[in-house]
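Q: My structure is below; once you've seen it, I'll send some questions.
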Amino acid sequence: MSERVIPVVDQRQRALIAHVPAMPVPAVGHLLDRLHRPLRDLRISVTDRCNFRCSYCMPKGVFDKNYPYLPQSDLLRFEEIERLTRLFIGHGVQKIRLTGGEPLLRKHLEVLIDKLAVLRTREGQALDITLTTNGSLLVQKAATLKAAGLKRVTVSLDGLDDAVFRAMNDVDFPVADVLAGIEAAHAAGLGPIKVNMVVKRGTNDDQIVPMARHFRGTGVALRFIEYMDVGATNGWRMDEVLPSAEVLQRLQAQWTMVPLAPSASGETAQRWGYADGQGEVGFISSVTQAFCGDCNRARLSTDGRLYLCLFATQGHDLRQLIRSSASDEAVSSALAAIWQGRDDRYSALRASLPPEASGSAGRVEMSYIGG
Ligand code: SAM
Ligand code: SF4
Ligand code: SF4
């Protein structure tokens, strides 16, 4: 096999200044971007570190012991995350997803969850707080997370075959321990649980049917994710993407499947159910069927930059603003103005972009802005 050369440019250096607009933007619970998409979902990356080295996300060759992870002083503190979340809620955010890196590596994460769980939307509702994890620490932490106010978890698992899974996480982590983590989350009441499986053709596509068989009838919704060209280090190639349509065909060869209506506007997954009532699966097809038209997600990086798209090359530096003496009104107006200027829709444009624009150089890593 020929070696892939992966250009590595650290895009975290290139932050955009978050300007406070001359005219304040009132927080009325509804904010539209330039493509008329509301702001509803905030994904917060709480660490850029991880104990796995999934080749599609943090390949070992790049994320080695010399990799310049963010120093502790650069991380947003919990009070800062809480403040920003409160201001985002003022503009319509209803759902929070904690992610990373591996979010359970952030020390005392339950303290942050505790702070977020008491926040209320403008309508007086509790936030929908969820977390995406590789599951490795769930056995130890599920009960504490639940007690702090976490509602549910999404666990990533790319196969049931131990050898395949150990090779994909690239740190020799066993499947059994992730399955035990899913059990622990279930026992703690962190449901309904979703399981994310990134499908790479030729690497783990033989795990599609075994994974479906395993989770069928358990109440766990398995979601198949198309391998994406995020970041600049995973050496992505289109021929390693297995389109969701093909995944569905493989399931249909085993079971009768029926399409289900989306559960919410802005829902990323297309849902299909087993005709015999044994649950559902989802497809996240950001390569073959872009869903940018409904994308209501903002991403807050570990060091407090606001990213408007998973494929963005630059983020807006909110940390600098909140560490100045800016008032809540000023910070709130600044983040509103950033959203109002948003016209990102990378996946929808991917096929029509010239090669130099669709190349990966310049993009930030998913472990830094969160999945
Ligand atoms: N470490 C946690 C985990 O793995 O669940 C949270 C962070 S991870 C970046 C969030 C999600 O992004 C995971 O479900 C992961 O499988 C997915 N992901 C990472 N790189 C991806 C890629 N290149 N294509 C598709 N999904 C990817
Ligand atoms: Fe870590 Fe999650 Fe990325 Fe895998 S996908 S390397 S578990 S952050
Ligand atoms: Fe949203 Fe960007 Fe993904 Fe489109 S490509 S769905 S705008 S994050």
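Rule-based calculations on the coordinates, nothing more; no lab input. This one's a predicted model, so the numbers in the text were calculated from it and none came from an experiment. Positions of Cβ are backbone-derived with ideal geometry, glycine not excepted, and every protein chain shown enters the neighbour counts.
Q: What number do you get for the chain when its Cα radius of gyration is normalised by 2.2 N^0.38 Å, N = residues?
A: That works out to 0.96 for the chain.
Q: Determine the distance separating the Cα centre of region 24-77 from the Cα centre of region 182-203; give it in Å without decimals.
A: About 21 Å separates the Cα centre of region 24-77 from the one of region 182-203.
Q: So what is the 222 nm mean residue ellipticity for the chain from helices alone, if each DSSP H run of at least 4 adds -39500 (n - 2.57) and you divide by all residues, rounding to the nearest 500 deg cm²/dmol?
A: Per the formula, -7500 deg cm²/dmol.
Q: Let me ask you something else. For region 71-181, state what percent of all Cα-Cα pairs lands in each successive 5 Å bin, counting from 0 Å until the bin that includes the largest distance.
A: Reading the bins upward from 0: 2, 11, 20, 20, 16, 13, 9, 6, 3, 0.
Q: Another question about this same structure. So how much slack lies between residue 245 and residue 30, counting 0.36 nm per residue of separation and subtracting their Cα-Cα distance, in nm?
A: Here the answer is 73.9 nm.
Q: Using only the alpha-carbon atoms, what does region 270-355 span along each of its principal axes? Please give whole angstrom values in decreasing order.
A: 59, 38, 21
Q: Also: Using a simple charge model, +1 on the beta-carbon of Lys and Arg, -1 on the beta-carbon of Asp and Glu, nothing else, what dipole does the chain show about its Cα centre, in debye to the nearest 20? Don't skip to the end; give the middle numbers.
A: Details: 44 positive and 41 negative charges, 137 e Å.
With only Lys, Arg, Asp and Glu charged at Cβ, the dipole is about 660 debye.
Q: Starting from the 7 Å offset along Cα-to-Cβ, what nm value, one decimal, do you get for the label separation of residue 114 and residue 218?
A: If labels sit at residue 114 and residue 218, their model points lie 3.2 nm apart.
Q: How big is the antiparallel share of DSSP beta bridges in the chain, given as a percent to the nearest 5?
A: 30
Q: On the Cα set of region 239-304, report Rg and Dmax in Å, please.
A: 14.6, 47
Q: With only alpha-carbon atoms in the gyration tensor, what are the semi-axes of the equivalent ellipsoid for region 1-147, in Å, largest first?
A: 30, 22, 14
Q: Each label point is 7 Å from the Cα along the Cα-to-Cβ direction; what then is the distance between the points at residue 253 and residue 288, in nm?
A: Once both label points are built, they end up 1.4 nm from each other.
Q: Here's another thing I want to ask about it. With a cap of 16 neighbouring Cβ atoms within 10 Å, and only residues DSSP puts in a loop, list the trypsin sites (Lys or Arg not before Pro) found in region 180-251.
A: Filter output for region 180-251: 201, 237.
Q: Now, a different point. Quick one: longest stretch of the chain between exposed loop GluC sites (Glu not before Pro), exposed meaning at most 16 other C-beta atoms within 10 Å and loop per DSSP?
A: On the way: sites that count: 3, 123, 267.
Counting only loop sites that pass the neighbour cut-off, the longest clear stretch is 124-266.
Q: Follow-up question, since we're still on this one. Roughly how big is region 60-102's charge dipole about its Cα centre, with Cβ charges of +1 (Lys, Arg) and -1 (Asp, Glu), in debye to the nearest 20?
A: Around 160 debye, computed over region 60-102.
Q: If you scale each eigenvalue of the Cα gyration tensor by 5 and take the root, what three semi-axes come out for region 221-371, rounded to whole angstrom and sorted largest first?
A: On the way: eigenvalues 228, 78, 32 Å².
Semi-axes (√(5λ), whole Å): 34, 20, 13.
Q: With each pseudo-label sitting 7 Å past Cα toward Cβ, what's the residue 125-residue 237 distance in nm, one decimal?
A: In this crude spin-label approximation the distance works out to 4.5 nm.
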